[in-house]
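Notes to accompany the following structure.
The values are calculated or read from the model by the stated rules, or taken from the named source; none is laboratory data. Note that the structure is predicted; figures quoted are calculated from it, not measured. Glycine gets a Cβ as well: all are built from the backbone with ideal geometry, and neighbour counts include every protein chain shown. Heavy atoms of the whole protein, side chains included, go into the accessibility calculation; ligands, DNA and RNA do not. Shrake-Rupley method; radii C 1.70, N 1.55, O 1.52, S 1.80 Å.
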Amino acid sequence: MKCVEITEKGRRAFALEREKAALQERGKKRWDKRYRMIIFDIPERRRIVRDQLRRIMRECGFLRIQDSVWVSPYDCEELIILIKADLHIGKDVLYTIVEKIENDKWIKKYFNL
């Protein structure tokens, strides 16, 4: 009898995809008036990882508000934890919850809030 087992890398990839889907579902719920801001500073020598992070942020529907500052109105802490672990960038990324962003009308418009 043959047995198939998922690898640790496969488990992480599955968990990341599950969190991406969960984030989309959260977007259908009522907004709690708080932004989730992701701030990162990944060194140039790790440019490939930085580009991967930006691609993931775009795929997940985050809005880039500055070069290394992205925002979402939805709870995404679990997703960020998984991304940080998968890309090995824990110390280079900050997850913040913000109650107010100056001149945020364009952000609200982007997310249809």
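Suppose we keep only residues that are of a type in the set (A, V, I, L, M, F, W, C) and touching a residue at least 60 places away in the same chain (Cβ under 8 Å) within segment 24-78. Which one would you say is farthest from H88 (Cα to Cα)?
Ranking the candidates gives W31 first.
Between a residue in segment 91-113 that is free of Cβ contacts under 8 Å to residues at least 40 places away in the same chain and under 29 Å from V49 (Cβ atoms) and any residue that is assigned to a helix (DSSP H, G or I) and open to solvent by less than 70 Å² (accessible area, probe 1.4 Å), which pairs come within a Cβ distance under 9 Å, given they are 6 or more apart or on different chains?
Final answer for the pair search is K91/K84.
Residues checked against (1) within 20 Å of L113 (Cα to Cα); (2) surrounded by fewer than 16 Cβ atoms within 10 Å (Cβ to Cβ):
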{"residue": "K2", "(1), (2)": "no, yes"}
{"residue": "M37", "(1), (2)": "yes, no"}
{"residue": "I42", "(1), (2)": "no, no"}
{"residue": "R50", "(1), (2)": "no, no"}
{"residue": "F62", "(1), (2)": "yes, no"}
{"residue": "D67", "(1), (2)": "no, yes"}
{"residue": "V71", "(1), (2)": "yes, no"}
{"residue": "L82", "(1), (2)": "no, no"}
{"residue": "I89", "(1), (2)": "no, no"}
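When only residues in segment 24-78 that are part of a helix (DSSP H, G or I) and acidic (D, E) count, which is nearest to E99 (Cα to Cα)?
The selected residue is E77.
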